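*Asks:* Before we start, here is the structure in question, set down as structure tokens.
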Amino acid sequence: MTKACYPGSFDPVTNGHLDVVKRAARLFDEVVVAVLENQSKRGLFTVDERVEMLRRATADLEGVKVGSFQGLVVEFCRQVGADVIVKGLRAVSDFDYEMQMAQMNKRMGIESAFLAAKPEYTYLSSSLMREVIALGGNIDGLVPDFVIELLKEKFANR
Ligand code: ADP
């Protein structure tokens, strides 16, 4: 049995992330989506809110679980019994950083596998979604509908 861990900020989850989760779920027996708790970077959504959004968005996917972690991804992998880290690659700009992380994580004993982003999602990032909503733009079809509502609520309460 092969278990994969898909780590990230997911602030908030986008359809690009969900495409990676769905494809990973077909390749691995189990996928644990892991929200990184970054002490030095407060996000728009709390870690609990992000976990909740991911749980809702992946509820119908078999073999997918959602959790959160602090510290090293490889430690989280060991805790949950994941053998491989799965990541999405959007463009050449993702490559250098991901390569560096993958080599370090390999050194610490965990392999990485990369899925090429779906062409229609290559320009998608959580930060762009936050920015467009904050400025009143339309992101229909790029994140789940309920995430659009939650984003609007966040900015309305600011
Ligand atoms: P971002 O805030 O840039 O969206 P995350 O840290 O939440 O990034 O992303 C986690 C992982 O998902 C990273 O490996 C990133 O490359 C990948 N990813 C992010 N957006 C997409 C997308 N649109 N398509 C495929 N993979 C993506």
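Since every read-out is calculated from the coordinates, none of them should be taken as a lab result. Only a predicted model underlies this, so the values are computations on that prediction, with no experimental measurement involved. Ideal geometry is used to build each Cβ from the backbone, glycine not excepted, and the neighbour counts take in all protein chains shown.
*Asks:* Report, in whole Å, the centroid distance computed from the Cα atoms of the range 104-143 and the range 58-91.
*Replies:* 15
*Asks:* How much of the DSSP bridge set in the chain is antiparallel, in percent, rounded to the nearest 5?
*Replies:* About 0 percent, rounded to the nearest 5.
*Asks:* Given R₀ = 25 Å, what would the calculated FRET efficiency be for Asp83 paired with Lys22, taking r from the Cβ atoms and rounding to 0.05?
*Replies:* Calculated transfer efficiency: 0.80.
*Asks:* Can you compute the FRET efficiency between Ala116 and Lys154 using 1/(1 + (r/R0)^6), with r the Cβ-Cβ distance and R0 = 22 Å? Round to the nearest 0.05.
*Replies:* After rounding, the FRET efficiency stands at 0.10.
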